[in-house]
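The values are calculated or read from the model by the stated rules, or taken from the named source; none is laboratory data. What you are looking at is a predicted structure, and each value in this text was computed from that prediction instead of being measured. Here the Cβ is made from the backbone with ideal geometry for all residues, glycine too, and neighbour counts use every protein chain on show. Only protein heavy atoms, including side chains, enter the accessible area calculation; ligands, DNA and RNA are left aside. Shrake-Rupley method; radii C 1.70, N 1.55, O 1.52, S 1.80 Å.
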Amino acid sequence: MAIEVLKCDITQLPVDAIVNAANSSLMGGGGVDGAIHRAAGPELKEYNRKLGGCPTGEARISPGFRLPAKWIIHTVGPVWHGGDRGEPELLRAAYRNSFKLARAHGVRSIAFPAISTGAYGYPKAAAARIAIDEMRRHEADFDRIVACVFSDADKALYERILAEQDAADA
Ligand code: ADP
């Protein structure tokens, strides 16, 4: 299986689970989080209220409600403070804990946005390396892993990093 890089709106993807780059309240926000809450409908906020938040690096799961996806995995990536506050480990944990929850719920296809690289300010190339590395580590457990990007520049970045890793593996 190959990791797919798709430039699209993650809320439209017909996969078993989409991952949300949430904030720790799980009550919705801007960026991809806002788009997911709007598309899933108000039932999502109601449901998440009972989850009681999510610390950075961890993940929680909800139904997809009005989305094509059956599940939404909400994870909280780190805010970038310069890189010496555990940001790389926390970003890795966000991907890893999302995959763990997905497996526990029988998810076979999953799509991720570029966690932490919007409002949270994580440098895009460094974040993409961690994202792709974690996707590679979990490839064997899934039928489909989608890296859902939102700009041509991010699509080119992900494709370049995938190609670099392929070259390094060869
Ligand atoms: P964070 O707070 O974790 O930085 P953001 O939502 O601000 O999260 O940004 C994360 C990434 O999600 C950014 O690359 C942004 O361009 C992208 N994004 C925003 N809306 C969508 C969407 N509907 N589908 C996929 N990606 C999106």
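For the chain, what does the accessible surface come to per residue with a 1.4 Å probe? Please give it in Å². Walk me through the numbers on the way to the answer.
On the way: 7870 Å² over 170 residues.
It amounts to 46 Å² per residue over the chain.
Please give the calculated 222 nm ellipticity per residue for the chain, where each DSSP H segment of at least 4 residues contributes -39500 (n - 2.57) and the sum is spread over every residue; nearest 500 deg cm²/dmol?
Values: 5 runs with 68 residues, N = 170.
Computed ellipticity for the chain at 222 nm equals -13000 deg cm²/dmol.
If N is the number of residues in segment 4-169, what value comes out of its Cα radius of gyration divided by 2.2 N^0.38 Å? Can you show the working numbers first?
Numbers: Rg = 14.6 Å, N = 166, 2.2 N^0.38 = 15.3 Å.
That ratio works out to 0.95.
On a 1.4 Å probe surface of the protein chains, which of Arg129, Arg103, Arg38 comes out largest in accessible area, and what is the full order? Spell out each step's value before the answer.
Numbers: Arg129 105, Arg103 140, Arg38 180 Å².
Largest accessible area first, the list is Arg38, Arg103, Arg129.
Would you grab the residues whose amide H sits under 5 Å from the one on Val5? Only those 5+ places off in sequence or on another chain, please, with H modelled 1.01 Å from N.
Answer set, sorted by chain and number: Ala147.
As an exercise, use a Förster radius of 22 Å and the Cβ-Cβ distance of Arg108 and Asp9 to find the FRET efficiency, rounded to the nearest 0.05. List each step's numbers first, then the result.
Working: r = 22 Å, r/R0 = 0.98.
Step by step, r from the Cβ atoms, then E = 0.55.
Using a 1.4 Å probe over the heavy atoms of the protein chains, calculate the carbon and sulfur portion of the accessible area of the chain as a whole percent. It would help to have the intermediate numbers written out before the result.
Working: 4120 of 7870 Å².
Heavy-atom surface of the chain belonging to carbon and sulfur, 1.4 Å probe: 52 percent.
Can you return the lysines within cross-link range of Lys124? Criterion is Cα-Cα under 19 Å, with same-chain partners fewer than 8 residues away left out.
Candidates past the 8-residue exclusion: Lys7, Lys155.
Per-residue accessible area for Leu101 at 1.4 Å probe radius, Å² rounded to 10?
Roll a 1.4 Å probe over it and Leu101 shows about 40 Å².
Nearest 20 debye, what's the magnitude of the dipole of the chain about its Cα centre given +1 on Lys and Arg Cβ and -1 on Asp and Glu Cβ? Could you put the intermediate results ahead of the total?
Details: 21 positive and 21 negative charges, 116 e Å.
Value, rounded to 20: 560 debye.
List the residues, sorted by chain then number, that are 5 or more residues from Asn20 or on another chain and whose placed amide H is less than 5 Å from its amide H.
Residues meeting the criterion, in which the H sits 1.01 Å from N, are Ile73, His74, Thr75.
To make sure I understand the rule: partners must be lysines, Cα under 27 Å from the Cα of Lys50, and not fewer than 8 residues away in the same chain. Which ones qualify?
Once the sequence-local lysines are set aside, what remains near Lys50 is Lys70, Lys100.
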